[in-house]
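Undergrad: Submitted below is the structure of interest, expressed as structure tokens.
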């Protein structure tokens, strides 16, 4: 993953996807202009081969109204959003799609279909959300997790959240992602559970219970982001000042952090759910075109990385 400053970080991500085949993607209920145009734009960039799942007549009506060319895409008719989610997941189970993409339905509705016990896409991992953020004032892409799914994760949940993020960073090209485990302070305090979890996660990484990353924590946000702040506090760390992943203590902290970076630091953000059989692209109506395309590019890299073991064994 390119670590350029400025606006080149997401463009480098798109460049990594050039030459990769378009990934078959079930787009659940794209029944609103921004949702449908996001899928069309990703297809035009060669990232995905959309299968549009939802009320066929409504999808065609929206495409005609907004002059979106969907003639080359398959449409799977489904009567409403709930059926669209179920049918999109079924396409993955049948092997016809390697990614899911949220349309204009609610995130909870799509994720309910993903985690359904008998018909969903469960794995041994807990689902978690990542924001892949291009922050103009920081020297590399930042992965913020979890800011959308796990409300108050315990230690076991944080293990999966951390491992999901590390695996994503590796899929994006990092050999040893650096994980800063955030808390309000940089010392372990028995009255602050986030600091105890951070210390446990670091020890678990040392013992091989979390693999593929370099962890440090607890770290306050200033220590995590600024080498100078860490130096002032007397913290010697390979992670401080140079993290790839920010693991937050809970959803509220993560959601506030991500939205602050977007609204106050003009960050672009790609949103993805990990831990299922396939990556799930989550976009919102407020996402920019750049963010929508980046979300698909990140998911394509994950989908491609998952193909590699089977190819290696072939």
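Undergrad: Residue 54 versus (1) buried (at least 16 other Cβ atoms within 10 Å of the Cβ); (2) on the phi < 0 side of the Ramachandran plot; (3) in contact with a helix residue (DSSP H, G or I) (Cβ under 7 Å, 6 or more places away or on another chain): which is the lone unmet condition?
TA: (2)
Undergrad: Within the stretch 57-89, track down each residue that is surrounded by 15 or more Cβ atoms within 10 Å (Cβ to Cβ), within 27 Å of the chain's Cα centre (by Cα) and either farther than 15 Å from residue 99 by Cα or modelled with pLDDT under 95 (or both).
TA: 59, 68, 70, 73, 75, 76, 78, 81, 82, 83
Undergrad: With respect to the numbered conditions (1) closer than 21 Å to residue 297 by Cα; (2) out of contact with any strand residue (DSSP E or B) (no Cβ under 7 Å at 6 or more places or on another chain); (3) modelled with pLDDT of 95 or more, which one is the sole condition not fulfilled by residue 45?
TA: (3)
Undergrad: Counting residues that are on the phi < 0 side of the Ramachandran plot, in the same structural domain as residue 148 (by TED's automatic domain parsing) and in contact (Cβ under 8 Å) with a residue 60 or more places away in the chain, which helices (runs of 4 or more DSSP H) fully inside the stretch 219-267 reach at least 2?
TA: The qualifying helices (runs of 4 or more DSSP H) are 251-264.
Undergrad: Go through (1) out of contact with any helix residue (DSSP H, G or I) (no Cβ under 9 Å at 6 or more places or on another chain); (2) not in a helix (DSSP H, G or I) one by one and return the number of the condition residue 180 breaks.
TA: (1)
Undergrad: Moving on to the next point. Just name the residue that is surrounded by the fewest Cβ atoms within 10 Å (Cβ to Cβ) out of those in the stretch 1-23 that are modelled with pLDDT under 80, in contact with a helix residue (DSSP H, G or I) (Cβ under 6 Å, 6 or more places away or on another chain) and outside any loop (DSSP other than H, G, I, E, B).
TA: Across the stretch 1-23, the extreme among qualifying residues is 14.
Undergrad: Check 232, 210, 196 and return the single one that is closer than 21 Å to residue 147 by Cα, more than 20 Å from the chain's Cα centre (by Cα) and surrounded by fewer than 22 Cβ atoms within 10 Å (Cβ to Cβ).
TA: Answer to the check: 196.
Undergrad: Tell me yes or no: at least one residue of the stretch 128-135 is assigned to a loop (DSSP other than H, G, I, E, B) and assigned by TED's automatic domain parsing to the domain that holds residue 172.
TA: Within the stretch 128-135 (the criterion being assigned to a loop (DSSP other than H, G, I, E, B) and assigned by TED's automatic domain parsing to the domain that holds residue 172), the answer is yes, since at least one residue qualifies.
Undergrad: Checking residue 274 against (1) over 17 Å from residue 113 (Cβ atoms); (2) touching a helix residue (DSSP H, G or I) at 6+ places or on another chain (Cβ under 6 Å); (3) surrounded by 24 or more Cβ atoms within 10 Å (Cβ to Cβ), which test does it fail?
TA: Evaluating residue 274 over (1) over 17 Å from residue 113 (Cβ atoms); (2) touching a helix residue (DSSP H, G or I) at 6+ places or on another chain (Cβ under 6 Å); (3) surrounded by 24 or more Cβ atoms within 10 Å (Cβ to Cβ) leaves (1) as the failure.
Undergrad: Out of (1) touching a strand residue (DSSP E or B) at 6+ places or on another chain (Cβ under 8 Å); (2) free of Cβ contacts under 8 Å to residues at least 40 places away in the same chain; (3) surrounded by fewer than 23 Cβ atoms within 10 Å (Cβ to Cβ); (4) outside the structural domain of residue 143 (by TED's automatic domain parsing), what's the single condition that is false for residue 286?
TA: If we test residue 286 against (1) touching a strand residue (DSSP E or B) at 6+ places or on another chain (Cβ under 8 Å); (2) free of Cβ contacts under 8 Å to residues at least 40 places away in the same chain; (3) surrounded by fewer than 23 Cβ atoms within 10 Å (Cβ to Cβ); (4) outside the structural domain of residue 143 (by TED's automatic domain parsing), just (1) comes out false.
Undergrad: Moving to a separate point now. Taking the criterion of being out of contact with any strand residue (DSSP E or B) (no Cβ under 9 Å at 6 or more places or on another chain), at pLDDT 95 or above and closer than 21 Å to residue 153 by Cα, would at least one residue in the stretch 238-250 satisfy it?
TA: Scanning the stretch 238-250 turns up at least one residue that is out of contact with any strand residue (DSSP E or B) (no Cβ under 9 Å at 6 or more places or on another chain), at pLDDT 95 or above and closer than 21 Å to residue 153 by Cα.
Undergrad: Is it true that some residue in the stretch 152-166 is within 15 Å of the chain's Cα centre (by Cα) and free of Cβ contacts under 8 Å to residues at least 60 places away in the same chain?
TA: Yes.
The values are calculated or read from the model by the stated rules, or taken from the named source; none is laboratory data. What you see is a predicted model, and the numbers here were worked out from it, not measured in a lab. Virtual Cβ from ideal backbone geometry, glycine too; neighbours counted across all protein chains shown.
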